[in-house]
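Reviewing the structure listed below.
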Protein chains: 2
Amino acid sequence: MSEALRTDLYQLTMMQAYWKSRHNPEATFDYFVRKIPSGSYLITAGLTFLLDYIENLRFDDDDIEYLRTQDFDKEFLKTLRDFKFTGDILAMPEGSVAFPIEPIIRVTAPIIEAQLVETFLLNKINFSTLIASKASRVVYAAKGRAIAEFGLRRAQGDGHLEATRATYIGGCASTSNVLAGKKLGIPISGTMAHSFVTSFDHEIDSYRAYADAFPKRCFLLIDTYNTIEGAKKAVIVGKELEKRGEKLIGVRLDSGDLCGLSKQVRKILDDGGLEDVKIVASGDLNEWKIDDLIKYGASIDMFGVGTELITGRPTPALDGIYKLSDIIEDGKHVPKMKLSEEIVKTTLPGKKIVWRITENGKFKKDIITLENELVDEGVPLLETVVRKGKIACDRPSLSDIRQNTAVNFSKLPEIFKKLDTAPAYPVEFSRGLTELRADIVEKITREEIRHE
Amino acid sequence: MSEALRTDLYQLTMMQAYWKSRHNPEATFDYFVRKIPSGSYLITAGLTFLLDYIENLRFDDDDIEYLRTQDFDKEFLKTLRDFKFTGDILAMPEGSVAFPIEPIIRVTAPIIEAQLVETFLLNKINFSTLIASKASRVVYAAKGRAIAEFGLRRAQGDGHLEATRATYIGGCASTSNVLAGKKLGIPISGTMAHSFVTSFDHEIDSYRAYADAFPKRCFLLIDTYNTIEGAKKAVIVGKELEKRGEKLIGVRLDSGDLCGLSKQVRKILDDGGLEDVKIVASGDLNEWKIDDLIKYGASIDMFGVGTELITGRPTPALDGIYKLSDIIEDGKHVPKMKLSEEIVKTTLPGKKIVWRITENGKFKKDIITLENELVDEGVPLLETVVRKGKIACDRPSLSDIRQNTAVNFSKLPEIFKKLDTAPAYPVEFSRGLTELRADIVEKITREEIRHE
């Protein structure tokens with residue numbers, strides 16, 4: 001299905017105005033993030049959706065029929081029948097480590113085409129990148145313990161599948177979301193809810209019923225009434241399983257003082273001879289709480305994380321933007337930028353690329369340059385993914401993307417991974433870009449602000 | 001398409017355990033919200049998705065094929081071929097005003113069925129209710145000025161359509177999301193972005209091009225370089241439009257000190273004889289900022305709100321939960337509840353309903369009772385929406401739901417609408433419920449905590 005109308009109305013009104021004024025120059029837009037919600041880095045994700053969108057982009061008859069009811073010019077609407085994207089797109093591959101201000105995606109096309117794709121690109125890339133980055137932080141905080149994503153019930157509706165995909169890219173080990181298992185091949189995990197326990201006459205009856213149904217993968221939820229008493233009953237059922245030649249795999253804590261309770265539960269399990277039984281903790285966890293739990297010696301082997309991971313709480317949106325940086329007029333590049341009373345909302349002019357310098361296998365710094373500048377020892381981060389409207393890159397599998405993410409992340413020096421006190425990673429502007437920017441600021445100030 | 005696998009794995013493992021232990025009693029679950037993110041009330045939304053889901057709920061062959069790869073019992077999987085939902089659902093209609101702890105939806109069905117639907121219900125109802133409630137606050141803060149929802153680019157991916165629907169239920173006047181216009185009939189709005197301005201040689205060229213393309217609905221974005229200078233150019237183009245017998249409709253501010261700038265821009269427009277031109281403001285707005293702008297006398301006629309509205313920021317998830325409250329065993333009701341070390345996580349036992357008492361046309365208080373209790377002068381809030389698995393209610397149109405919301409909201413006393421200092425609305429428990437709860441706590445403490 002084409003998603004042409006998954007856009008802001010102003011893209012379509014601007015398209016008509018460009019068309020009406022015969023102003024359809026080749027334009028370049030940069031997608032970049034001004035501010036990272038938490039920490040110093042981003043894990044890029046969502047590119048695959050943009051590629052599918054570009055490949056299928058067209059206006060269906062009923063799209064045009066709908067627009068006809070919205071006061072568009074009939075002649076303009078006729079041009080939409082043959083609309084397709086004919087431009088070039090450069091992008092950092094999914095699973096890249098990126099930093100603020102760096103162009104992550106660069107779109108070059110006739111401005112009518114480049115304008116339309118803005119909203120879809122922002123909608124999908126902002127969200128996937130937000131969640132992959134959050135997941136990376138949560139996984140990092142867990143210091144090697146597995147993170148199971150449990151967020152479907154708190155996900156923002158139909159965004160759940162792409163969110164789960166992004167948590168997996170960011171390093172989560174599994175999801176509770178069965179549809180994500182079926183459609184994306186992500187490992188699924190989950191055992192029982194409190195309702196299962198309360199539906200039986202006694203807590204221990206529910207444990208026995210579950211152990212009977214899943215003797216080979218039995219996890220018991222032990223906090224329905226009282227965590228300590230639940231742990232004691234789990235020991236009883238664990239021993240019953242042993243008599244049958246099976247093993248209790250784990251217990252789950254979902255409320256209360258997870259740190260203190262986990263230590264008490266560990267002791268109860270150990271005293272009962274169940275040293276191998278794992279303890280899973282869940283309940284409004286995030287990277288900070290996990291970091292604290294580990295710091296204070298919690299006996300937790302695995303974490304289930306829901307709301308925070310699947311929505312990015314406390315910051316549920318990435319402020320990624322898509323800004324015009326260059327126009328070709330009369331065969332010549334005319335660099336473009338936006339000024340603003342808010343300095344952070346000023347943009348970088350010109351067709352740009354990003355270089356990364358690595359030292360001893362670790363990222364050292366990035367440099368944003370104009371397209372014609374070279375950086376010795378630097379590796380360019382933007383790859384051509386669409387050329388003249390056609391997909392021009394590999395489409396790695398989800399597990400490859402996850403693996404690439406892990407490799408990239410391993411090259412980020414530890415100091416930039418700190419949850420709260422990470423310094424800004426060095427991103428420099430080339431001399432050419434710095435000079436160009438000063439020139440354009442001077443020109444705009446002269447022509448648009450002082451003299452009109 | 002069936003969405004049977006849009007669920008947490010543990011629903012399916014519990015279903016197998018219920019099946020294996022031949023434990024499939026009729027069970028009642030309540031959906032309710034423990035804590036409201038901001039303010040005192042909720043606007044319920046999303047029920048229509050639950051009804052569609054129930055109507056189409058089945059396991060397709062490829063669903064079962066996938067589950068076969070996940071170590072389920074083959075005989076259990078066979079039973080899924082004939083699975084359907086056969087129970088009853090009561091619910092507050094969409095657009096109701098609801099409060100914490102009140103059952104908003106009540107599901108009664110064999111536990112295997114009632115368990116499965118939990119995740120979908122939570123995923124959809126939590127999100128729509130979160131956003132409709134947020135929208136209601138933003139609309140209320142604007143004191144009659146229209147709110148245009150601009151959030152698609154920051155929406156959590158594919159959740160955008162239902163989010164936009166919920167903002168409309170909550171009272172927003174329009175959306176930038178063209179697909180929401182086409183699919184849901186919501187009015188769409190939007191004009192131009194900064195890239196439109198920067199793509200032309202001079203700001204005023206872009207204004208003239210837009211005015212030429214849309215002489216009857218021309219809004220100009222005036223903050224690309226400098227808001228005051230932009231306003232002056234808008235006056236020039238507004239007067240050019242007047243000479244052609246047309247009118248400039250409005251200007252938009254998207255950055256800077258919106259309060260101060262709006263007053264300066266108003267003066268520039270008025271001095272230029274453009275008293276009718278509206279001022280629209282946007283840029284990271286929310287209910288608090290809008291309230292402040294109005295309080296300090298900003299000259300703003302309409303607000304565009306994006307990120308906060310479409311994601312619920314700062315609280316992107318509602319903590320709505322679905323808890324077992326009753327089981328039928330041997331023909332008798334056995335009320336159920338969950339205890340917790342965290343008192344807020346304790347639930348209410350028994351099959352319950354909610355009554356509302358209104359005085360002089362305003363809501364006075366609500367009372368949660370057991371099903372067999374009556375409240376004189378109270379109106380029951382839960383309506384039967386599914387009976388024996390079939391839809392048993394009207395399906396109001398989106399505009400009717402929006403209208404009902406406005407009527408319901410008008411009955412909420414002003415004090416409960418305050419953004420931050422609203423007191424808790426009075427929700428009482430009936431005597432029967434209070435006594436039942438004490439009995440069950442005593443029973444659980446005796447049987448599950450003290451004596452095992």
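Every number in this text was worked out from the coordinates using simple rules, so none of it is lab data. Bear in mind the structure is a predicted one, so any value in this text is a computation, not a measurement. Note that we place each Cβ from the backbone using ideal geometry, even for glycine, and neighbour counts take in every protein chain shown.
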Cβ-placed point charges (K, R +1; D, E -1), dipole of segment A:184-316 about Cα centre in debye, nearest 20: 280 debye
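In the protein assembly as shown, what is the volume of the convex hull around the alpha carbon atoms, normalised per residue and reported in Å³?
Dividing the Cα hull volume of the protein assembly as shown by its residues yields 167 Å³.
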From the phi of every residue in segment A:370-379, what ³J(HN,Hα) in whole Hz does the Karplus formula 6.51 cos²θ - 1.76 cosθ + 1.60 yield, where θ is phi - 60° and glycine or proline is x? 6, 4, 8, 9, 10, 10, 4, 6, x, 10
With a point put 7 Å past each Cα toward its Cβ, work out how far B:THR346 is from B:LEU374 in nm, to one decimal. 3.1 nm
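Could you tell me what fraction of 2.2 N^0.38 Å the Cα radius of gyration of segment B:135-311 comes to, as a two-decimal ratio?
Details: Rg = 16.0 Å, N = 177, 2.2 N^0.38 = 15.7 Å.
Dividing the Cα radius of gyration by 2.2 N^0.38 Å gives 1.01.
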Counted neighbours (other Cβ, 10 Å), sorted fewest up, put A:CYS172, A:CYS259 in the order A:CYS259, A:CYS172
Counting other C-beta atoms within 10 Å, and keeping those with at most 11, which DSSP coil trypsin sites (Lys or Arg not before Pro) do you find in segment B:194-280? B:LYS216, B:ARG244
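Given that compact globular proteins tend to follow 2.2 N^0.38 Å, what is the ratio of the alpha-carbon Rg of segment B:74-152 to that value?
Values: Rg = 18.1 Å, N = 79, 2.2 N^0.38 = 11.6 Å.
That ratio works out to 1.57.
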For chain B, report the convex hull volume of the alpha-carbon atoms normalised per residue, in Å³, without decimals. 176 Å³
Going through segment A:251-335, which GluC sites (Glu not before Pro) have at most 15 other Cβ atoms within 10 Å and a DSSP loop state? A:GLU275
Cβ-placed point charges (K, R +1; D, E -1), dipole of the protein assembly as shown about Cα centre in debye, nearest 20: 280 debye
Pairwise label distance in nanometres, B:SER397 with B:TYR296, each label 7 Å out on the Cα-Cβ vector: 4.2 nm
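Using a/c under 1.5 as the rounded threshold, could you call segment A:255-407 rounded, prolate or oblate? The axes a ≥ b ≥ c are square roots of the C-alpha gyration tensor eigenvalues, and prolate needs a/b larger than b/c, oblate otherwise.
On the way: a/c = 3.00, a/b = 2.39, b/c = 1.25.
In terms of gyration-tensor shape, prolate.
Taking the Cα centre as origin and putting +1 on Lys and Arg beta-carbons and -1 on Asp and Glu beta-carbons, what dipole magnitude results for chain B, to the nearest 20 debye?
Working: 63 positive and 68 negative charges, 178 e Å.
Here the size comes out at about 860 debye.
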Inter-centroid distance (Cα atoms) of segment A:195-249 relative to segment A:340-402, Å: 52 Å
Using label points projected 7 Å from each Cα along Cα→Cβ, tell me how many nm separate B:GLU275 and A:VAL441, to one decimal. 4.2 nm
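Within segment A:1-67, which trypsin sites (Lys or Arg not before Pro) sit in a loop by DSSP and count at most 11 neighbouring Cβ atoms inside 10 Å?
Those that pass, being in a loop and sparsely packed, are A:ARG22, A:LYS35.
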